[in-house]
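Notes to accompany the following structure.
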Amino acid sequence: MLIDDLVLVKPQTQRHLICLHTYRSSGITEIQPLRLATSKTNDARCLQADVMENEVASSAGPLAVRLMGDPVLRRHAAEVTEINGCVARTATNMVLTMYQAGGIGLAAPQVGIQQRFLVYDLQGGAGPQALINPEVIETDGEWAFAEACLSMPGLSFEIVRPKQIHLVGRGLDGNEVSIEADELLARLLQHELDHLDGVLAIDHLDREERKAALRTWSELTANPTSIRP
Ligand SMILES: [Zn+2]
């Protein structure tokens, strides 16, 4: 997701604060903040791992974000079978990419890697987080919220999703994690999980809204300088 989402909730400062408070107290005690790798040395395992077909995963630095229309965004991503240095390096690069693009969440398919992991940072002080093979096991409530996406910059849509989720997965250390998330964090995670299943925010719109969004997207892509990142 884009950090625009934070801007969008700005007029409702109270709710925004509640979101961040909820995030801080949402029980994310089992995920260790991601330590950004600084080494520029290639990790040979990345080059050997057939799951990491994207060669960019072997070097340090921001990656190219795939935009709507790229087929990789429509594929179902595969489970990560081994949490190794390659996954960690890729997660680091994804965090750098997310920061550079002004985002608060990024899923692996958005940088061309068809694996089930994502990174996020709600900028509430906990630092960047990585989540591997995440799975929502429980949802509750309903919440309408405007979402933007790094893969369709320039667009945002109000989408109704569950307000709270209980999610399980693994951290970069391989340990199981369990997250009970509310509001913005729950929203962010659901958005990124959609990417792992080849689903984009636009798919949540009704037919007319979707048509209008596609029209706007086609105007934006006709003038690439208007698109970020
Ligand atoms: Zn997105």
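Tabulated data for the structure shown
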item	result
Output for region 126-152, where each listed residue is surrounded by fewer than 15 Cβ atoms within 10 Å (Cβ to Cβ) and over 21 Å from Gly103 (Cα atoms)	Glu135, Ile137, Glu138, Asp140, Gly141, Glu142
Residues (within 16 Å of the ligand (Cβ to nearest atom), free of Cβ contacts under 8 Å to residues at least 12 places away in the same chain and part of a loop (DSSP other than H, G, I, E, B)) located in region 178-229	Val199
Residue within region 216-228 that is over 19 Å from Val136 (Cβ atoms) and in contact with a Ser or Thr (Cβ under 8 Å, 6 or more places away or on another chain) present	yes
Gly154 being within 15 Å of the ligand (Cβ to nearest atom), part of a loop (DSSP other than H, G, I, E, B) and more than 20 Å from Ala60 (Cβ to Cβ)	yes
Tally, over region 133-151, of residues that are within 14 Å of the ligand (Cβ to nearest atom) and over 9 Å from Ala201 (Cα atoms)	4
Ala101, sole failed condition from (1) within 12 Å of the ligand (Cβ to nearest atom); (2) of a type in the set (A, V, I, L, M, F, W, C); (3) crowded, with 24+ Cβ neighbours inside 10 Å	(3)
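The rows are residues; the columns are (1) surrounded by 19 or more Cβ atoms within 10 Å (Cβ to Cβ); (2) within 12 Å of Ile159 (Cβ to Cβ).
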{"site": "Glu183", "(1), (2)": "yes, no"}
{"site": "Arg187", "(1), (2)": "yes, yes"}
{"site": "Glu192", "(1), (2)": "yes, no"}
{"site": "Asp203", "(1), (2)": "no, yes"}
{"site": "Arg207", "(1), (2)": "no, no"}
{"site": "Leu214", "(1), (2)": "no, no"}
{"site": "Trp217", "(1), (2)": "yes, no"}
{"site": "Thr221", "(1), (2)": "no, no"}
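Values quoted throughout were computed directly from the atomic coordinates according to the rules given, and no laboratory measurement underlies them. Small disclaimer: the values here were computed from a predicted structure and weren't measured. Here Cβ is always computed from backbone atoms with ideal geometry, including for glycine, and neighbour counts include all displayed protein chains.
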